[in-house]
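Structure first, commentary second.
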Amino acid sequence: MMWLAGLAVVIMATVLAVWKLLRSRNMELWIGSYLRRPRMRAVDGPVHVMFCFVDHFEPMWHGADEATQRERVDRWCRDYRTLAGRHRDADGRPPQHSFFYPEEEYVPEYLDKLSALCTEGYGEIEVHLHHDNDTEANFKEGMSRFCRVLHERHGALPRDPATGELRFGFIHGNWCLDNSRPDGRWCGLDNELILLRELGCYADFTLPSAPSDTQTSTINSIYYATDDPHAPKSHDQGVPVRVGGRASGDLMLIQGPLGLNWKDRRMGIIPRIENADVRRGQPPTPQRVDAWVRAGVHVQGRPDWLFVKIHTHGTQEGDIDTLLGPPVDAMHDYLESAYNDGKRYVLHYVTAREAYNIVKAAEAGMQGNPGDYRDYALPAPRASWAGGKVAQAAA
């Protein structure tokens with residue numbers, strides 16, 4: 001009997017240690033979803049991979065002076081042209097970078113430069129926001145003003161063909177969409193999903209946010225969330241987007257891959273979190289690229305159209321040599337060799353808006369080459385690959 005008691009103590013101690021480990025990285029929020037995830041099944045024909053790189057692009061990061069801010073933007077506009085110009089997807093498109101620019105860091109000069117880069121065909125500009133203890137009136141006024149400026153001065157953001165309203169993709173600063181931090185900091189709006197819908201947001205691209213405590217229990221998904229205006233984090237769960245379905249709730253969320261990296265373990269034992277973040281300490285190795293694809297983010301009913309959305313903070317000096325240098329260059333080489341053979345895989349570099357359009361095309365039951373649906377629901381803004389081509393033709 002003594003040995004049974006001893007075994008019970010060992011088991012309890014092990015369970016407690018595992019629980020403490022999970023809590024230390026906020027993994028208890030999502031590990032159940034990860035363990036219950038369905039296994040991806042083989043599909044007939046090639047798998048199309050939509051690769052979308054979104055950037056929390058913050059020139060003023062860490063209180064930088066004006067000279068540093070300008071150098072950050074100038075380096076991106078100089079070096080990204082060179083890097084992306086060496087690569088092409090199955091449609092002949094270079095890598096597309098989605099610059100989610102913070103409303104509170106607006107400087108016309110920086111947006112003019114990014115707009116020129118995007119007009120040459122290297123990405124698009126979307127909306128990012130850091131705020132704290134905000135009010136509805138301030139949020140709506142600030143966001144509306146910023147969207148108008150982005151569109152009218154900088155050629156960003158499309159107008160909805162049906163309504164004429166400006167539409168935008170969104171990333172929440174500090175990961176705190178819909179007031180999702182337990183302490184209520186860095187947002188303040190329990191009805192943020194409703195407000196975003198009313199302002200014209202077509203989809204949110206904030207997640208995954210692990211190891212932050214803002215991470216949802218829903219992972220590796222494309223889904224519609226319905227806001228409870230009296231409670232935070234209403235997007236913790238939602239209705240998956242599916243073929244033959246319809247829009248519901250208040251906001252679509254397009255998540256990036258989240259899981260455990262068993263090939264990169266602390267102390268050789270504990271797997272690290274794979275959260276689709278690219279930086280110097282998390283370079284985009286072939287193993288990570290494979291894990292992103294295996295996450296299988298897709299519209300239900302279209303497993304042959306996979307969405308790989310990764311993210312970064314592009315203006316931080318410690319990471320910029322990774323993002324504009326050999327590691328990301330090698331990532332694109334690997335994508336174009338391993339996931340663009342035309343038989344097993346077909347690669348498509350897409351912006352956030354194009355990813356949304358392709359999601360909507362899948363929902364509507366469209367088939368064939370998803371690259372044909374880049375502008376399916378929302379047209380290209382002036383500062384984009386297609387918008388730049390139109391401007392060139394008109395000139």
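Only lysines eight or more places from LYS140 in sequence, or on another chain, were considered; those with a Cα closer than 21 Å are LYS233.
Ligands, DNA and RNA left out, the accessible area of the chain computed with a 1.4 Å probe is 54% carbon and sulfur. How much net charge surrounds ASN357 when only the other residues with a Cβ under 15 Å from the Cβ of ASN357 are counted, with Lys and Arg +1 and Asp and Glu -1? So the surrounding residues net to 0.
Taking the chain as a whole, the Cys residues whose C-beta sits 4.7 Å or farther from every other Cys C-beta are CYS52, CYS77, CYS118, CYS147, CYS201.
At the residue level, GLU120 shows approximately 100 square angstrom of accessible surface with a 1.4 angstrom probe and all protein chains present. For the residues ILE270, ILE125, ILE31, a GNM of the chain with alpha-carbon springs under 10 Å puts the largest fluctuation on ILE270. Net charge of the neighbourhood of ALA247, taken over other residues with C-beta under 15 Å away and scored Lys/Arg +1, Asp/Glu -1, is -1.
Using the Kirkwood radius over C-alpha pairs as Rh, can you work out the diffusion coefficient of the chain via Stokes-Einstein at 25 °C, viscosity 0.890 mPa s, in µm² per second? Walk me through the numbers before you get to the answer.
On the way: Rh = 21.6 Å.
Result for D is 113 µm²/s.
Rolling a 1.4 Å probe over the protein heavy atoms gives the stretch 254-395 an accessible area of 40 Å² per residue. For the chain, the relative contact order is 24 percent, taking Cα pairs closer than 8 Å that sit 6 or more residues apart in sequence and dividing their mean separation by the residue count. Measuring nothing but how far apart in sequence close Cα pairs (under 8 Å, 6+ apart) lie, relative to its length, the stretch 88-176 scores a relative contact order of 30 percent.
Quick one: net charge around GLY371, please, counting Lys, Arg +1 and Asp, Glu -1 for every other residue with C-beta under 10 Å from its C-beta. Don't skip to the end; give the middle numbers.
Details: positive: ARG93, ARG374; negative: ASP89, ASP91, GLU354, ASP372.
After counting each charged neighbour, the total is -2.
Of the residues ASP65, ASP213, ASP134, the one that moves most in a GNM of the chain with alpha-carbon contacts below 10 Å is ASP65. Rounded to the nearest 20, the Cβ-based charge dipole of the chain about its Cα centre (Lys and Arg +1, Asp and Glu -1) stands at 1480 debye. Once you reduce the stretch 326-385 and the stretch 178-242 to the center of their Cα atoms, the two points are 25 Å from each other.
Here the relative contact order of the stretch 191-330, from alpha carbon pairs under 8 Å that lie six or more residues apart, stands at 23 percent. For the chain, the longest principal axis of the C-alpha atoms and the axis of helix 66-85 are separated by about 90°.
Hey, if we sort GLU28, GLU136 by accessible area with the 1.4 Å probe, largest down, what's the order? Mind dumping the intermediate values first?
Details: GLU28 55, GLU136 90 Å².
Output order, biggest surface exposure first: GLU136, GLU28.
Accessible surface calculations at 1.4 Å, restricted to protein heavy atoms, place the stretch 116-158 at 38 Å² per residue. If the reach is capped at under 28 angstrom between alpha carbons, list the lysines near LYS389, excluding any in the same chain fewer than eight residues apart. Filter leaves LYS113, LYS309, LYS360. For LYS263, go through the aspartates and glutamates and keep the ones whose alpha-carbon is under 14 Å away, minus same-chain ones fewer than eight residues off. Answer for LYS263, where 14 Å is the Cα cut-off: GLU274, ASP290, listed by chain and number. Loop-resident trypsin sites (Lys or Arg not before Pro) (DSSP state other than H, G, I, E or B) in the stretch 254-361 with no more than 15 further Cβ atoms inside 10 Å of their Cβ: ARG280, LYS343, ARG344.
The values are calculated or read from the model by the stated rules, or taken from the named source; none is laboratory data. Owing to the predicted nature of the structure, the values given are computational and were not obtained by experimental measurement. Glycine also receives a Cβ, built like all others from the backbone with ideal geometry; neighbour counts cover every protein chain displayed. Remember, those area values only see protein heavy atoms, side chains included, never the ligands or the DNA or RNA. Shrake-Rupley method; radii C 1.70, N 1.55, O 1.52, S 1.80 Å.
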